[in-house]
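Here the structure comes first, spelled out in C-alpha cells, and everything after it is commentary.
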Amino acid sequence: MSQMHHFLKQVDLPVSVETAFAWHERTGAFQRLTPPWEPVEVIDKTGTIRDGDTLIAKVKAIVQQDLHARHEGYIQNVQFQDRQVKGPFASWFHSHRFERLGDQQSRLIDDINYELPMGKLGEVFGEGFVTSKLEAMFKYRHQILKADLVRHAQYAERPRLKILVTGASGLVGSQLCAFLSTGGHEVSVLTRSPSKLRLYHEILWDIRQRQLDSSQLEGFDAIVHLAGENIAAGRWTNEVKEKIRASRVESTTLLSETLAKLANPPKVLVSASASGFYGDRGDEVLSENSSAGNGFLPETCIDWENATRAAKEKGIRIVHPRFGIILSAAGGALAKMLTPFKLGAGGVVGSGKQFWSWIVLDDVIYAIHDLIQNEAYSGPVNFSSPEAPTNREFTQALGQVLSRPTMVPAPAFALKMMFGEMAEALLLASTRMEPQKLKDTGYRYEYPDLKSALKHVLGE
C-alpha cells in the first residue's frame, strides 16, 4: 500500500481573483505553466478547466508515458481540481484554490495529494526526487503566472485584440499564442497544414504556390510573423541556404502584399528578423542604427526585412525584432548544449572571445506584446539582454548553474570541418547587440542577468 503525500504551495497575485481565475480558464494556460525542462506533449484536450474537461499528454517520468487528467470541482473564482485518471503516479489529486485578498489582490493555493508508484520501492527511491521536482515546478509556475498577469495588467484598460500569428508551432510562436490567449486576446494562426489539436482558429496558406485568401485576413488588429526554416538544423549546402532564405523572404513578401490589398488592414505587422543582420563584428557595440554585415545571414536579413515594403506603403506600422540567442530548455541553442554540459563535456566554442547576445524566451514574449501595444516602436528592435557576455563568460555561467566542469573546448577548426559556413556564422561570429530601443521605451526585463536567466529556464 502506497503512502499518501501532501504538497502545498501558494502565491500572492497583484490582480483580482476574477482576473487570476479567468487566466486559468483560457486556452494557453497549461502551456504557459509547463516548465521548459519538462518534456510534455499535449495529445488531446477537451474544454478548459470545467467539470468533465480532459487533458491527455505524453510525459517523461524516467520513461515516457501517457498522462490522462480529468477536471472536477469547478466553482468559478473559487476553485478547480484535476485528478489523474492514468499516469506516472499511483494517484494524483490537485486542487487549485483562489482567495480574495482585496480588489486587486488575490492568492492561489496549489494543494496536491499524491501516491508514488511501485509501493515501498517507490517510497525509498522516489520521494526525494518527486519533492524536488515539485518544488522546482511550482516555483516556475508561480513566477510565470505572476509575471504574465503583471504584463497583461499594463494594458488592461485597452480593448482585447484580434491577433494572427505565423510560425505558431515554433519555440517562440507556441508560447506567444499561449500568452496572448491567457490575456483574453483572440488568437488565430496562419499555417501550412492543419494541426491535430486545433487550439486556435487556423487559416491555411501555401507559400510556394503564393496562395493566401485575403478575405480571411480582414479585421485583424495585429499580425506577428515568425515563420521560417530552422537555420541550425545542419550543414549549409546551397540547397539548404536557399530554403532558409526563401522561407523568410517569400513568406514575408506574400503576407505583406496580401495585407496591402485589405480594406481593413492591421495596425501593426511584427515581422521577425535576427541578430544575423549584423554579421561578425568583433567587440563593436551594435544598436539598431548600426549597418548590416557581410555574408549570407546579413544579406538574408536585409531581404527579409525589405520584404515588408508593400505593407509599410499601405500605412501599416512595421516592427522587426532582431532576435539574439533565445534561451529556453525547450528548444534552440541552449537545448542543444544541455546534454554535453550535463555530462561535463561542455566548454568554450572557438576562442571563446566572441560575444553572444542572448534573451530569455519569456522576455521575447513580453517584448513582442509591447511591440504590438506600444506605437512608439517601429523599424528594427534589438531583442537581447542589456549586457552581452562572451562565449567564455556564457560557458562559465552555464557550468556554474549546472554544477558541472567546462573543460572540454570545441575548437574552431573542428566546428568548421563539421558544420562549415554555419559554424562560422552561428557559433564563431561575434555579435554584441545593444537593445537601445527597448531601453529607450523603458522595457523592464524579467531576466536581465545571465545566471538568474539560466536558473529560471533550467529549474535550478
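The values are calculated or read from the model by the stated rules, or taken from the named source; none is laboratory data. Just so it is clear, the structure is predicted and the values come from calculations on it, not from any experiment. Heads up, the Cβs are rebuilt from the backbone with ideal geometry, glycines too, and the neighbour counts pull from every protein chain shown.
Given the residues E313, E284, E305, which is the only one that is of a type outside the set (S, T, N, Q), at pLDDT 95 or above and buried (at least 17 other Cβ atoms within 10 Å of the Cβ)? Going through E313, E284, E305 in turn, the sole match is E305.
For segment 109-150: of the residues being modelled with pLDDT of 85 or more, assigned to a helix (DSSP H, G or I) and among the β-branched types (V, I, T), which is surrounded by the fewest Cβ atoms within 10 Å (Cβ to Cβ)? The selected residue is T131. Considering segment 199-217 alone, what residues qualify as being exposed (fewer than 12 other Cβ atoms within 10 Å of the Cβ), under 28 Å from P159 (Cβ atoms) and acidic (D, E)? Selection gives D213 alone. Restricting A425, A376 to residues that are under 30 Å from I223 (Cβ atoms), of a type in the set (A, V, I, L, M) and surrounded by fewer than 20 Cβ atoms within 10 Å (Cβ to Cβ) narrows the list to A376. Residue check: K437 meets all listed conditions (1) more than 30 Å from Y155 (Cα to Cα); (2) among the basic types (K, R); (3) surrounded by 15 or more Cβ atoms within 10 Å (Cβ to Cβ) but one, namely (1). Please tell me if T252 is touching a residue at least 24 places away in the same chain (Cβ under 8 Å) and more than 21 Å from L371 (Cα to Cα). No: the conditions fail for T252. Residues being among the aliphatic types (A, V, I, L, M), over 30 Å from A57 (Cα atoms) and not in a helix (DSSP H, G or I) are represented in segment 244-266 by at least one member. Can you confirm whether segment 168-182 contains a residue that is outside any loop (DSSP other than H, G, I, E, B) and either more than 17 Å from the chain's Cα centre (by Cα) or outside the structural domain of R322 (by TED's automatic domain parsing) (or both)? So far as segment 168-182 goes, no, none of its residues is outside any loop (DSSP other than H, G, I, E, B) and either more than 17 Å from the chain's Cα centre (by Cα) or outside the structural domain of R322 (by TED's automatic domain parsing) (or both).
Matching residues to (1) under 28 Å from the mean Cα position of the chain (by Cα); (2) of a type outside the set (V, I, T); (3) not assigned by TED's automatic domain parsing to the domain that holds A22:
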position: G47; (1), (2), (3): yes, yes, no
position: D51; (1), (2), (3): no, yes, no
position: K60; (1), (2), (3): yes, yes, no
position: D66; (1), (2), (3): yes, yes, no
position: V85; (1), (2), (3): no, no, no
position: S95; (1), (2), (3): yes, yes, no
position: F98; (1), (2), (3): yes, yes, no
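Only one of E115, E41 is of a type in the set (D, E) and within 27 Å of I365 (Cα to Cα). Can you tell me which?
Working: E115 fails: within 27 Å of I365 (Cα to Cα).
Going through E115, E41 in turn, the sole match is E41.
Scan segment 379-428 residue by residue and report those that are of a type outside the set (D, E, K, R), part of a loop (DSSP other than H, G, I, E, B) and under 26 Å from I368 (Cα atoms). Explain how you work it out, then say what you get.
Looking only at segment 379-428, we keep the residues that are of a type outside the set (D, E, K, R), and these are 379-386, 388-391, 394-403, 405-415, 417-420, 422-423, 425-428.
Subsequent filtering for residues that are part of a loop (DSSP other than H, G, I, E, B) retains 384-386, 388-389, 403, 405-409, 411, 420, 428.
Matches in segment 379-428: S384, S385, P386, A388, P389.
With respect to the stated conditions, T237 is among the β-branched types (V, I, T) and modelled with pLDDT under 95. Note down all Cβ pairs under 6 Å where the first residue falls in segment 83-98 and is in a loop (DSSP other than H, G, I, E, B), the second is aromatic (F, W, Y), and they're at least six residues apart or on different chains. Once the first residue is in a loop (DSSP other than H, G, I, E, B) and sits in segment 83-98, its partners that are aromatic (F, W, Y) give F89/Y114. The strands (runs of 3 or more DSSP E) falling completely within segment 279-373 that include 2 or more residues that are in the same structural domain as N391 (by TED's automatic domain parsing) and more than 30 Å from A412 (Cβ to Cβ) map to 317-323. Among the residues making up segment 144-185, those that are aliphatic (A, V, I, L, M), within 23 Å of A232 (Cβ to Cβ) and out of contact with any Gly (no Cβ under 8 Å at 6 or more places or on another chain) are A168, V172, L176.
Does segment 190-198 include one or more residues that are crowded, with 20+ Cβ neighbours inside 10 Å, in the same structural domain as P265 (by TED's automatic domain parsing) and not in a strand (DSSP E or B)? Scanning segment 190-198, I find no residue that is crowded, with 20+ Cβ neighbours inside 10 Å, in the same structural domain as P265 (by TED's automatic domain parsing) and not in a strand (DSSP E or B), so the answer is no. Look at segment 206-226: where a residue is touching a residue at least 24 places away in the same chain (Cβ under 8 Å) and assigned by TED's automatic domain parsing to the domain that holds A311 and a partner is of a type in the set (A, V, I, L, M, F, W, C) and part of a strand (DSSP E or B), sitting 6+ places away or on another chain with Cβ atoms under 6 Å, you get L212/W205; F220/L164; A222/I163; A222/V268; I223/L164; I223/L269; V224/V165; V224/V270. Figure legend. Inter-residue proximity from segment 429-443: first residues outside any helix (DSSP H, G or I), second residues β-branched (V, I, T), beta-carbon distance below 7 Å, spacing 6+ or different chains. Indicated pairs: R432/V285; E434/V285.
Output the residues belonging to segment 1-37 that are in a strand (DSSP E or B) and closer than 20 Å to F129 by Cβ.
In the first step, residues of segment 1-37 are kept if they are in a strand (DSSP E or B); the result is 4-13.
Across segment 1-37, the qualifying residues are M4, H5, H6, F7, L8, K9.
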